[in-house]
């Protein structure tokens, strides 16, 4: 079966979500849960933050693994002793080209969150992102916004799973390689995928959003 958003959704069984009773210990937080039909498109898995959820607590590899398991995908997550939070270090640890590292970049268009997944040897052109129509003022998100909008720490943002409603774009620079490596929720791990598979997993739109070389 080809990996498409609908194919992924067909493998996901609905899960009930329960929370501790009101008189539970005060340190027991409400936790995010997966949804399989968010506003971003039918069949795309995303993370929903219930009311009262502790959003500033970062999430990591466990949630990424849970996403793959729910989708019925056997994905190996590569872990390293040294940090892979930037493209150069990640490429060196994996023994691949810098361009094969798929950076997941959070931008703010006015106050709207936008995610661009782009090759490690390219930079996002904010003018091109502004032309997408999400807002007039486009800027890179700061560390606090990265955590509050995605739940991941800076340098660890995985393209899956992201909160519902955030538009995701895949830059065409990633098409230069058959295999690409996004972060898997920590600053020292990655997973292997392909541009087509990542499009299906995220429900992303493919665009040319990199700065022109030279």
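No lab work stands behind these numbers, since they all come straight from the coordinates. This is a predicted model, so every value here is computed, not measured. Don't worry about glycine lacking a Cβ; one is built from the backbone with ideal geometry, like all the others, and counts go over all protein chains shown.
Brief remarks follow.
- Förster radius 25 Å - calculated FRET efficiency between residue 66 and residue 148 (Cβ-Cβ, nearest 0.05): 0.75
- Using a simple spin-label model with pseudo-atoms 7 Å out from Cα toward Cβ, residue 194 and residue 127 lie 3.5 nm apart.
- Look at the alpha carbon pairs under 8 Å that are at least 6 residues apart: their mean separation over the length of region 150-193 gives a relative contact order of 45 percent.
- Full extension of the chain segment joining residue 88 with residue 112 gains 5.7 nm, where the gain is 0.36 nm per residue of separation less the Cα-Cα distance.
- Annotation: extensible slack from residue 208 through residue 98 equals 37.8 nm (criterion: 0.36 nm per residue apart, minus Cα-Cα distance).
- The calculated FRET efficiency for residue 81 paired with residue 175, based on their beta-carbon distance and R0 = 22 Å, is about 0.10.
- Both numbers refer to the Cα atoms of region 133-197; Rg and Dmax are 13.1, 35 Å.
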